[in-house]
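Read the structure below first, then the notes.
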Amino acid sequence: MGSNLSRRRHLYAPAAGLALSCSVVLGAATPAQAFSGGNHERITRAALGAGGWHPNSLTAMADGNSGAIVANDHGEYFGIGKLHCDNADYLDPRYDSRYPRTRGQADAEIVDCIDSSVHNVKRALAAADRLVDANGHVVAAQTAISPACDWNDRPGRAKCEVLEDLGRGWHQIEDFYAHSNWVDQAGPGAVGVRNPPGLGRTDLPAFFSIARYSSMSRDDWARDAIGHIPHDLATGCYPDRDHTGTVSDCANRVTHDGVLNKDTKDTPRSAVGHNFDRANDLAVKDIARQWQQFKDELHRKYPNNGRADAMICAITHDHPDKTC
């Protein structure tokens, strides 16, 4: 897989303090930016719960305080826009002829968000190789979840790495539905910077075909993704780092706070046309899609000796050395 999949992230290397476990940095996130931990938990459990996950393994992935799905909301990761699909704001000139961002700039942020997910799925696919031996037998030392996994982006047990990478890759997909106008209806009145258009979509975005993209070159999948981005798609501007590494200046832009976010039920955008429920429902469907596609990729990548099925069992079962 190469050095770009090493446990120390080349795209956004954290400060030394991030060597601490997730349990140490709980509370570092501000709930204004993202789906609350409780919403992430409900979405993830709803998407995975019927798929044979054992309770402790599902909790390790989905817990709203310390699960892998909320690892991006802690420490330095919270301030990186692509990990939450932020800053892809745009308004067509028919709504605002002086809007300070182009469609191309917005597309670059969506691609950056997708890239962060592709990067993590690639790492999860690579880490899965250590869950089982060459003959498809579960490796007990690599699949234990006791003691609890540390979501610290360091080498560790293979199961912890797979869960962390999937959690870090799926978090921004869940956030996309809360942070964008994909499912939305606009509020009453004129469409503009305080009331951006809603796309009212009920389908899953083709540009989040993460597992398929993980086997493509970046240029190829980015070109494919951009071809599927609707002209009026937007996510809210938030003062975190955009794809250039610059902290976003949200003046005169469609913002996350107060305008587009549906992170909780009580935001202005959430109440319009059941936008909050629509965002949650489609996020559940997308994570179910991501999990199925990841399993399909395991079968494609590891076709021999029943290894892929054993890997899936090892990820989902609490004591896979005994039950797989």
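Every read-out reported here was derived from the displayed coordinates using simple, explicitly stated rules and does not represent laboratory data. None of these values were measured; they are calculated from a predicted model. Neighbour counts are summed over all protein chains in view; Cβ atoms, including those assigned to glycine, are modelled from backbone coordinates with ideal geometry.
Amide hydrogen proximity for T235: with H placed 1.01 Å from N in the peptide plane, the residues at 5 or more positions away or on another chain lying under 5 Å are A88, D89, Y90. If I model the chain as equal point scatterers sitting on the Cα atoms and use the Debye formula, what is log10 I(q)/I(0) at q = 0.07, 0.11, 0.14 Å⁻¹? With no solvent term, the Cα-only Debye profile gives -0.26, -0.65, -1.03. Near the amide H of I80, within less than 5 Å, lie the amide hydrogens of R241, all on another chain or at least 5 residues away, with H placed in the peptide plane. Computed over the chain with a Gaussian network model linking Cα atoms closer than 10 Å, the most mobile of A308, A126, A251 is A251.
Could you pull out the chymotrypsin sites (Phe, Trp or Tyr not before Pro) across region 136-233 that fall in loop regions by DSSP (anything but H, G, I, E, B) with no more than 12 other Cβ atoms inside 10 Å? Walk me through the intermediate numbers first.
On the way: sites: W151, W170, F176, Y177, W182, F207, F208, Y213, W221; in loops: W151, W182.
Passing both the DSSP loop test and the Cβ count: no residue.
Close amide H pairs (under 5 Å, H built 1.01 Å from N) link V132 with V139, residues at least 5 positions away or on another chain. Inter-label distance, D224 to D321: 3.9 nm, where each label sits 7 Å from its Cα along the C-beta direction. Near A206: Cβ cut-off under 12 Å, other residues only, Lys/Arg at +1 and Asp/Glu at -1. The net charge is 0.
So what is the orientation-averaged projected area of region 135-222, using the convex hull of its C-alpha atoms, in nm²? Walk me through the numbers before you get to the answer.
Values: hull surface 39.7 nm².
Taking the Cα atoms of region 135-222, their convex hull projects to 9.9 nm² on average.
The gain in end-to-end length when the D92 to K301 segment is fully stretched comes to 71.0 nm, 0.36 nm per residue minus the alpha carbon separation.
Measuring against 23 Å, Cα to Cα, the residue pairs K122/K322; K159/K322; K82/K122; K159/K265 contain K122/K322; K159/K265 as the ones spanning a longer distance. Ranking of C160, C324 by neighbouring Cβ atoms within 10 Å, starting from the fewest: C324, C160.
Stokes-Einstein D for region 228-324 at 20 °C, 1.002 mPa s, Kirkwood Rh over Cα pairs, in µm²/s?
124 µm²/s
Helix content alone sets the calculated 222 nm mean residue ellipticity of the chain: runs of n ≥ 4 DSSP H residues at -39500 (n - 2.57) each, divided across all residues, give -12500 deg cm²/dmol. Volume of the convex hull of region 28-142 (Cα atoms only), normalised per residue: 157 Å³.
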